[in-house]
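Data block below; observations after.
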Amino acid sequence: MRETYEELAIAPSRVEVFAELGWQQTSVHHRVKPFAGRVSAPLSLQPNPDEVAQVLYLPVSRLRADLFERRGIWRDRQSREHVLYRFDLDGHEVWGLTARILRDFLAESEEFRAEIDNAR
């Protein structure tokens, strides 16, 4: 919630969290705890120029398993291999942690699949 407010000025009171995802580790060994939520309309984003270069929109109707492609491999501190995923979004390559979180969430969350079906 702090990051959402810091990066896009979306107040925590506007977000309805509906899923807590598992911990993720980045290739530079930071740990991240992602959540998924809905933001009530109307939505007015105010990107923080120190944090956000550009806002990209991925409609839930486009979020499908076949969106993701394998980009490579990275190793964590214990030398375990992890697949790097990527996808194209309006001429931009989205990869790394963002792609992994979205792919894992899509694969594991029954509630999110219902959200996608409702958006189509």
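Please treat every number below as a calculation from the coordinates, not as lab data. Nothing here was measured: the structure is a model prediction, and the numbers come from that model. When we count neighbours, we look across all protein chains shown, and the Cβ atoms used for this are built from the backbone with ideal geometry, even at glycine.
Listed values, structure above:
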read-out	value
Where labels lie 7 Å past Cα in the beta-carbon direction, separation of Glu7 and Val39 in nm	1.1 nm
Net dipole in debye of the chain [+1 Lys, Arg Cβ; -1 Asp, Glu Cβ; about Cα centre; nearest 20]	320 debye
For Leu8, net neighbour charge (Lys/Arg +1, Asp/Glu -1) across residues whose Cβ lies under 11 Å away	-3
Calculated Cα Rg over 2.2 N^0.38 Å (choose from (i) 1.52; (ii) 1.11; (iii) 1.05), label	(ii)
Förster radius 22 Å - calculated FRET efficiency between Gln46 and Val17 (Cβ-Cβ, nearest 0.05)	0.60
